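Enquirer: Before I ask anything, let me first share the structure, which is written out below as structure tokens.
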Amino acid sequence: MGKPKFSRKKYETPSHPWQEDRIKAENELVKKYGLKNKKEVWKARTKLRRYREQARDLLAKVKSEDVQGKKESEQLLVHLNRLNILPTNSSLDDVLALDIESILSRRFQTLSYLKGFSNTPEQARQLIIHGHIGIGDRRVTIPGYMVTKDEEEQIAYTKDSPLNDAMHPARPRADFKSTTVIKKPKIEDVKKEEKTVEKTTEKMSEPVKEKIPVVEKPKETKVETNVEKKGDE
């Protein structure tokens, strides 16, 4: 069993420390869900891995028509349905199709932010740790607590919290809605812009030819004078 002071790790670290794709994906998850560090990502990943391993073993038992395997598969599906990770009419194949975000979305920190009790996921984490947000009459100070389907509707500010006052400055506004949407430019649009810039630079680099106005010469007209006529006579 070991000493309670030195408990075992509840997560598995990555097999290789330097993987560019994995590091980028983990950084995006940390920013999106306001996590403290990558340990929480690894905890969710190990939890998902255990669910999927259990589903694979149960699939083999169900195919062999094992009675105990059918009971365990039903218990697993009921457990995931109670956590609102899977709907009611699900199968073991749906367990294998789960991803890490289906686990992270059921955390107490994420749901308290989505319910509108904080402005950001980071603020939701702070309020939970300080005991301002709870579930029903309980004060839950664990941001990574997995909220069940029945507990989701009971998330609220605690009784002793000053955030119960609607005019509190740390409380999010009810009419606040983020209307700014940042769209990444498409690759085709970027290529079109680059082509237009190249054409304009080529035109600017060409020497400018000044248009000289063409002046027409006046037609020569013979004028007969009286002096010339007299000389001829």
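The values are calculated or read from the model by the stated rules, or taken from the named source; none is laboratory data. Since the structure is predicted, the reported quantities are computational estimates derived from the model, not experimental observations. Here Cβ is always computed from backbone atoms with ideal geometry, including for glycine, and neighbour counts include all displayed protein chains.
Enquirer: Let me confirm something: among Leu111, Leu80, which residue is more than 21 Å from Tyr157 (Cβ to Cβ), among the hydrophobic types (A, V, I, L, M, F, W, C) and at pLDDT 95 or above? Working first, answer last.
Expert: Values: Leu111 fails: more than 21 Å from Tyr157 (Cβ to Cβ).
The conditions single out Leu80.
Enquirer: Based on this model, can you work out whether Asp175 counts as surrounded by 10 or more Cβ atoms within 10 Å (Cβ to Cβ), charged (D, E, K, R) and either modelled with pLDDT of 95 or more or in a loop (DSSP other than H, G, I, E, B) (or both)? Spell out how you get there, then give the answer.
Expert: Details: surrounded by 10 or more Cβ atoms within 10 Å (Cβ to Cβ): no; charged (D, E, K, R): yes; either modelled with pLDDT of 95 or more or in a loop (DSSP other than H, G, I, E, B) (or both): yes.
For Asp175, the condition - surrounded by 10 or more Cβ atoms within 10 Å (Cβ to Cβ), charged (D, E, K, R) and either modelled with pLDDT of 95 or more or in a loop (DSSP other than H, G, I, E, B) (or both) - is not met.
Enquirer: Got a number for residues in segment 91-104 being surrounded by fewer than 16 Cβ atoms within 10 Å (Cβ to Cβ), in contact (Cβ under 8 Å) with a residue 12 or more places away in the chain and assigned to a loop (DSSP other than H, G, I, E, B)?
Expert: The number of residues fulfilling the criteria is 2.
Enquirer: Taking the stated definitions as given, is Val41 of a type in the set (Val, Ile, Thr) and within 27 Å of Ile133 (Cβ to Cβ)?
Expert: Working: of a type in the set (Val, Ile, Thr): yes; within 27 Å of Ile133 (Cβ to Cβ): yes.
Here the answer is yes, as Val41 does meet what is asked.
Enquirer: May I pose another question? Looking at Arg49, Arg45 in this structure, which one is of a type outside the set (A, V, I, L, M, F, W, C) and farther than 29 Å from Asn119 by Cβ?
Expert: Testing whether each residue is of a type outside the set (A, V, I, L, M, F, W, C) and farther than 29 Å from Asn119 by Cβ leaves just Arg49.
Enquirer: All but one of (1) under 27 Å from Leu80 (Cα atoms); (2) touching a residue at least 12 places away in the same chain (Cβ under 8 Å) hold for Thr158; state the number of the condition that does not hold.
Expert: That leaves (1) as the condition not met.
Enquirer: For segment 115-159, give me each residue that is in a strand (DSSP E or B) and either among the hydroxyl-bearing types (Ser, Thr, Tyr) or under 25 Å from the mean Cα position of the chain (by Cα) (or both). Before the answer, list the steps.
Expert: If we filter segment 115-159 for residues that are in a strand (DSSP E or B), which is where we start, we get 133-135, 138, 146, 155-157.
Across segment 115-159, the qualifying residues are Ile133, Met146, Ile155, Tyr157.
Enquirer: Which residue pairs have Cβ atoms closer than 8 Å, lie 6 or more positions apart in sequence or on different chains, and pair a first residue in segment 1-30 that is among the β-branched types (Val, Ile, Thr) with a second residue that is assigned to a loop (DSSP other than H, G, I, E, B)?
Expert: Val30/Asn37; Val30/Lys38
Enquirer: Same structure, new question: Given the conditions (1) closer than 21 Å to Lys149 by Cβ; (2) assigned by TED's automatic domain parsing to the domain that holds Glu40; (3) surrounded by 14 or more Cβ atoms within 10 Å (Cβ to Cβ); (4) of a type outside the set (Asp, Glu), which single one is not true for Ala124?
Expert: Among (1) closer than 21 Å to Lys149 by Cβ; (2) assigned by TED's automatic domain parsing to the domain that holds Glu40; (3) surrounded by 14 or more Cβ atoms within 10 Å (Cβ to Cβ); (4) of a type outside the set (Asp, Glu), the lone unmet condition for Ala124 is (2).
Enquirer: Any chance segment 57-77 includes a residue that's under 27 Å from the mean Cα position of the chain (by Cα) and surrounded by 14 or more Cβ atoms within 10 Å (Cβ to Cβ)?
Expert: In the first step, residues of segment 57-77 are kept if they are under 27 Å from the mean Cα position of the chain (by Cα); the result is none.
Within segment 57-77, none of the residues are under 27 Å from the mean Cα position of the chain (by Cα) and surrounded by 14 or more Cβ atoms within 10 Å (Cβ to Cβ).
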